[in-house]
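Take a look at the structure set out below.
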Amino acid sequence: MEEGPYKCVRDGNGTVNRVIRMGTRKSQLARIQTDYVAEKLKTLYPDVHLEIVAMSTIGDKILDTALSKVMYNYSITSISLSNRVDLVVHSLKDLPTTLPNGFTIGAVLQRESPHDAVVLHPKNSGLTLDTLPDGSVIGTSSLRRAAQLKKRFPHLEFKDIRGNLNTRLKKLDEKEDYAAIILAAAGLKRMGWEARVSQVLGPEDCMYAVGQGALAVEVRARDCDILEMVSTLHHSETVLRCIAERAFLRRLEGGCSVPVAVNTEVKDSVLSLTGAVYSLDGADSLKEAMETSVDPGNKLVSAADIQHVGVTAHNVPQCAQVAAEKLGVDLADLLLSKGAMEILTTARKLNDAR
Ligand code: DPM
């Protein structure tokens, strides 16, 4: 169970009137994402004084290790958050489904495209994953992408590629090692590199990662003034989709280093979730779909617990959040009943041995 509500500590009139310090990692993408949220906050709260603090994290330092093994160290920023800064903007997909005690996701912003995209070496311009020659090497360190694409495009080969987005694009363009790389469409868009996207992969080719394409604002759970301030950034539909996705991943005990993929949709107050697990080569997989009503009129349960898989969203109907979380858990249980744990355990062991 997660922690219950914290007692609010306010400064008198319910508004934040001290300096708010925003932490950011030093990569260009992290900086762009932080600036984007800072701009939104400045527009909403012109009187609030924001300060951006650049931080080094272990995540930045261990980029030489396979990303699929270290990604979860991103939660290291929570440690900086404990004293130096008041909020940190993250790509939601890099945040663990269980946050360190005392921290919460105070805002989940409207999702960009959650899909993965193909970026071709310039010499392959005009080709697609289908038409690339046999044996073409595709760069990705994502077990999720490799598993799905190996199965779907058996004529291609997959190799790890590391470093931040700038490094990866450089490795692609300036060498002949990779015919193409796969990256999240959202990150490419934020970097202003949309023109490099040659193909966006739909769910039939590659389902996305839990939380992909959404930005999250991490805060201290007891800072009620800040929590209230950032909560206006919540995008209800994104919140519900991401709660379902994160609940699914958490139930599967999957970190971001397991081949787990999802697809979600909200239509006419119905939230649908498709989830899948894969062996590393994609040969073994399980995929199921479920849906639930997230109609605020649907008074399922009244939640005493205000956090849902780490997200605090007072302004999104509780019954809908409860239904979304239950959807994720139920779908995971369905996959577990069909043998998902065996697939994931084997994938994890093989990946650790790489
Ligand atoms: C996580 C994964 C990757 C990132 C694993 C996955 C990709 C690693 C790789 C959990 N985090 O997706 O299966 O390609 O080797 C990351 C990116 C973004 C956030 C870059 C990307 C930007 C998009 C977003 C790295 N984290 O996926 O191309 O905000 O969702």
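All of the numbers you see were taken from the coordinates with simple rules; none came from a lab. Please read all numbers here as calculations on a predicted model, not as lab measurements. Cβ coordinates were reconstructed from backbone atoms using ideal geometry, including for glycine residues, and neighbour counts include every protein chain displayed.
Some notes on this structure:
- Counted residues, the stretch 112-126 - those being more than 9 Å from the ligand (Cβ to nearest atom), within 30 Å of residue 39 (Cβ to Cβ) and not hydrophobic (A, V, I, L, M, F, W, C): 2
- Residue 248 vs. criteria touching a residue at least 12 places away in the same chain (Cβ under 8 Å), within 15 Å of the ligand (Cβ to nearest atom) and more than 20 Å from the chain's Cα centre (by Cα): no
Residues are listed down the side, and each one gets a yes or a no for (1) more than 13 Å from the ligand (Cβ to nearest atom); (2) of a type in the set (S, T, N, Q):
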{"site": "136", "(1), (2)": "yes, yes"}
{"site": "211", "(1), (2)": "no, no"}
{"site": "215", "(1), (2)": "no, no"}
{"site": "228", "(1), (2)": "yes, no"}
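- Residues located in the stretch 225-263, provided they are in contact with a Phe, Trp or Tyr (Cβ under 7 Å, 6 or more places away or on another chain) and assigned to a helix (DSSP H, G or I): 229
Listed here are the residues, each with its yes/no results for (1) among the charged types (D, E, K, R); (2) closer than 18 Å to residue 90 by Cβ; (3) within 11 Å of the ligand (Cβ to nearest atom); (4) buried (at least 20 other Cβ atoms within 10 Å of the Cβ).
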{"position": "176", "(1), (2), (3), (4)": "yes, no, no, no"}
{"position": "191", "(1), (2), (3), (4)": "no, yes, yes, no"}
{"position": "194", "(1), (2), (3), (4)": "yes, no, no, no"}
{"position": "205", "(1), (2), (3), (4)": "yes, no, no, no"}
{"position": "220", "(1), (2), (3), (4)": "yes, yes, no, yes"}
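- Residue among 221, 209, 180 that is farther than 26 Å from residue 331 by Cβ, among the small types (Gly, Ala, Ser) and out of contact with any Phe, Trp or Tyr (no Cβ under 9 Å at 6 or more places or on another chain): 180
- Identity of the residue in the stretch 319-340, free of Cβ contacts under 8 Å to residues at least 40 places away in the same chain and either more than 15 Å from residue 247 (Cβ to Cβ) or in contact with a Pro (Cβ under 9 Å, 6 or more places away or on another chain) (or both), that ends up surrounded by the most Cβ atoms within 10 Å (Cβ to Cβ): 319
- Among the criteria (1) under 18 Å from residue 204 (Cα atoms); (2) within 9 Å of the ligand (Cβ to nearest atom); (3) of a type outside the set (Gly, Ala, Ser), the one residue 150 does not fulfil is (2).
- Scanning the stretch 230-245 for residues that are buried (at least 24 other Cβ atoms within 10 Å of the Cβ), away from the ligand (no atom under 15 Å from the Cβ) and within 15 Å of residue 106 (Cβ to Cβ) returns 230, 239, 243.
- Any pair with Cβ under 9 angstrom, 6 or more apart, that starts in the stretch 89-109 at a residue that is away from the ligand (no atom under 15 Å from the Cβ) and ends at one that is of a type in the set (Asp, Glu) and assigned to a helix (DSSP H, G or I): 106/228
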